[in-house]
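I have placed the structure first, in the form of structure tokens, so that the comments after it can refer back to it.
The values are calculated or read from the model by the stated rules, or taken from the named source; none is laboratory data. In this text the structure is predicted, and so the values were computed from the model without any measurement. Neighbour counts are summed over all protein chains in view; Cβ atoms, including those assigned to glycine, are modelled from backbone coordinates with ideal geometry. Please note that ligands, DNA and RNA were not included when accessible areas were found on the heavy atoms of the full protein model with its side chains. Shrake-Rupley method; radii C 1.70, N 1.55, O 1.52, S 1.80 Å.
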Amino acid sequence: EAGVVQSPRYKIIEKKQPVAFWCNPISGHNTLYWYRQNLGQGPELLIRYENEEAVDDSQLPKDRFSAERLKGVDSTLKIQPAELGDSAVYLCASGRSTDTQYFGPGTRLTVL
Amino acid sequence: AQSVTQLDSHVSVSEGTPVLLRCNYSSSYSPSLFWYVQHPNKGLQLLLKYTSAATLVKGINGFEAEFKKSETSFHLTKPSAHMSDAAEYFCVVSTGTYKYIFGTGTRLKVLA
């Protein structure tokens, strides 16, 4: 089966600009996760969806970050405006309401 | 509260020699435990998972891990390292609500 697809793979922007990341989960996976991975660290959860519903967004910085999962399939994560500290790899993962999560290749964001 | 500690941030082995990556966990529940591997500029790939079945878990690419409740450990091993094993390895504990807690990672270097 096809894996989790993310785009773009790389993004370079100036600070204060907006940016969006897209994720297409594995077909049939109802649970979708967005993580942020800072350099040299493990991923940290930003938000988890069960179908269309965001069931855990406690770690999402809501002043500048937003996410949506229309029709319970694809998802978009947005940052507006971006700050220097947002430079990181943004990972999307999906699963079938079981413990196992399958990760995409990530989007590497550089904010200048 | 759940937590996971990877005891070594860097491990170097010679090609053909055994690999040992150490992980200790803390969990209030019967945990699910995972090992993931991340090659440069790639997403995380599931190596293996423990979910309260057999304590010795076999994964892909010759890796295995043993769950030891008395020691709260879940160390990853491989009998013979290959150059292609050079990567970052993450130990993960799941809280039972599908939330992953990642370790800080162990960078494995394989010397020719």
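Things worth noting here:
- P(r) tail fraction, chain B - alpha-carbon pairs more than 25 Å apart, %: 15 percent
- Only Cα pairs under 8 Å and 6+ residues apart enter the sum, and on that basis the relative contact order of segment B:3-111 stands at 38 percent.
- Leaving ligands and nucleic acids aside, the A/B contact buries around 1600 square angstrom of accessible area in total at a 1.4 Å probe radius.
- Between segment A:11-86 and segment B:38-84, the C-alpha centres lie 28 angstrom from each other.
- If you sort A:52, B:66 by accessible surface, 1.4 Å probe, largest first, the order is A:52, B:66.
- Heavy atoms of residue A:22 accessible to a 1.4 Å probe, total area in Å² rounded to 10: 90 Å²
- Note: the protein assembly as shown, Cα convex hull, 124 Å³ per residue.
- Of B:58/B:99; B:78/B:109; B:49/B:69, pairs whose Cα-Cα distance is over 18 Å: B:58/B:99
- Label-to-label distance, residue B:66 versus residue A:108, with points set 7 angstrom from Cα along the beta-carbon direction: 3.8 nm.
- For segment B:98-107, 3J(HN,Hα) per residue [Karplus equation, 6.51 cos²θ - 1.76 cosθ + 1.60, θ = phi - 60°, Hz, x = Gly/Pro]: 6, 8, 8, 10, 8, x, 7, x, 10, 8
- According to the Kirkwood relation over distinct C-alpha pairs, the hydrodynamic radius of segment A:5-112 is 13.7 Å.
- In this structure segment A:5-106 gives 48 Å² per residue of accessible area when probed at 1.4 Å with all protein chains present.
- Heavy-atom accessible area order for A:102, B:100, largest first, 1.4 Å probe: A:102, B:100
- Heavy atoms of residue B:55: accessible area, 1.4 Å probe, square angstrom to 10: 70 Å²
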